[in-house]
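What follows is one structure encoded as structure tokens, with my remarks underneath.
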């Protein structure tokens, strides 16, 4: 069976199932306040969406038009409730003075997508000209958080001869976010090198979908994609159950010497790719404010600085799935266009500015 045929079958299954999904139990209420579902006693979230919007708008208008998938600022970022006003301060778009290094922590199954995305380094080409270097941490896409936390630790310690203290910004997508948080709690020796952790559509509070996906279905996906990705310890789905993630948050205090930021995927109706409509509609029975994999309030790190809400689904914020395969873009991943490069630059510029004030 060819790669094209495998994907056709997979997409066909998703289309058929999604047609049977029910309507959301509640409307899509942008007017409500931003939410973060946290265990009792956790610290409050700092809302700096206004300043992040100022930086993101400046980046999009100055650099974004020369990059793929440009959108204007109001289309890329969703306003939820009473978004704070910006500071009015100028936005510095000169090359970075601090030269922070991005450590990209991929999410569940990332290594299984190797045949569908051709990205050895997620950020080097995009952000290198602005003074930000990067590397991708190699972790098992189908292993649990404890296994991957150890791999994150090892990946950082292998680079200690080439990194400065407090120079790494871990940008962690999906399950990569709890993997990263587990690493910094479990391995104190890496903390001195980490300036910040950014949850990018991070599975901080887990996902209700974890109850419906069996390990056997994950193994089937591996075969359909024919990627050769490793099964690892097979605990990826188990580690994403909401009670597992909430219990971990309750039992583990995040180190105070590291800064935490959250960027939430919050697609407006019509911005979810067809292949993800089934899971989006399923989560919409709880709340339509989901990114097809996670509820919007489960993507926020306790005590973090909230940067904003991205008008894109769970995969569109990070992976150009439609760029390499035209058929995928037309038939399945048809809402994958998003200005990922510009938003990544805005994140790094915000973090650098914020760190300079501490």
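The values are calculated or read from the model by the stated rules, or taken from the named source; none is laboratory data. None of the values given here were measured: they were computed from a predicted structure. Ideal geometry is used to build each Cβ from the backbone, glycine not excepted, and the neighbour counts take in all protein chains shown.
Results for (1) surrounded by fewer than 17 Cβ atoms within 10 Å (Cβ to Cβ); (2) in contact (Cβ under 8 Å) with a residue 24 or more places away in the chain; (3) more than 19 Å from residue 262 (Cα to Cα), shown as yes or no for each residue.
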| residue | (1), (2), (3) |
| --- | --- |
| 152 | no, yes, yes |
| 157 | yes, yes, yes |
| 170 | no, yes, no |
| 173 | no, yes, no |
| 179 | no, yes, no |
| 182 | no, yes, no |
| 193 | no, yes, yes |
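State whether the residues of segment 267-283 include one that is touching a strand residue (DSSP E or B) at 6+ places or on another chain (Cβ under 6 Å) and either outside any strand (DSSP E or B) or closer than 30 Å to residue 191 by Cα (or both).
There is at least one residue in segment 267-283 that is touching a strand residue (DSSP E or B) at 6+ places or on another chain (Cβ under 6 Å) and either outside any strand (DSSP E or B) or closer than 30 Å to residue 191 by Cα (or both).
Within segment 60-113, how many residues turn out to be touching a strand residue (DSSP E or B) at 6+ places or on another chain (Cβ under 6 Å) and not in a loop (DSSP other than H, G, I, E, B)?
Here the count works out to 6.
Has segment 225-243 got any residue that is at pLDDT below 90, closer than 29 Å to residue 344 by Cα and assigned to a helix (DSSP H, G or I)?
yes
Taking segment 169-191, which residues are within 16 Å of residue 301 (Cβ to Cβ) and not in a helix (DSSP H, G or I)?
169, 170, 171, 172, 173, 174, 175
Taking only pairs six or more apart or across chains, which ones have beta-carbon atoms under 9 Å, a first residue in segment 232-251 that is farther than 26 Å from residue 138 by Cβ, and a second residue that is modelled with pLDDT under 90 and in a helix (DSSP H, G or I)?
242/211
Looking at residue 166, is it assigned to a loop (DSSP other than H, G, I, E, B) and closer than 16 Å to residue 258 by Cα?
Yes, satisfied.
Would you say residue 293 is part of a loop (DSSP other than H, G, I, E, B) and either without any contact (Cβ under 8 Å) to a residue 40 or more places away in the chain or touching a helix residue (DSSP H, G or I) at 6+ places or on another chain (Cβ under 7 Å) (or both)?
yes
Taking the conditions exactly as written (closer than 20 Å to residue 43 by Cα and either assigned to a helix (DSSP H, G or I) or in contact with a helix residue (DSSP H, G or I) (Cβ under 9 Å, 6 or more places away or on another chain) (or both)), does residue 301 satisfy them or not?
yes
Of the residues 312, 344, 316, only one is part of a helix (DSSP H, G or I), on the phi < 0 side of the Ramachandran plot, buried (at least 24 other Cβ atoms within 10 Å of the Cβ) and within 13 Å of the chain's Cα centre (by Cα); which?
Just a single option satisfies the conditions, and that option is 344.
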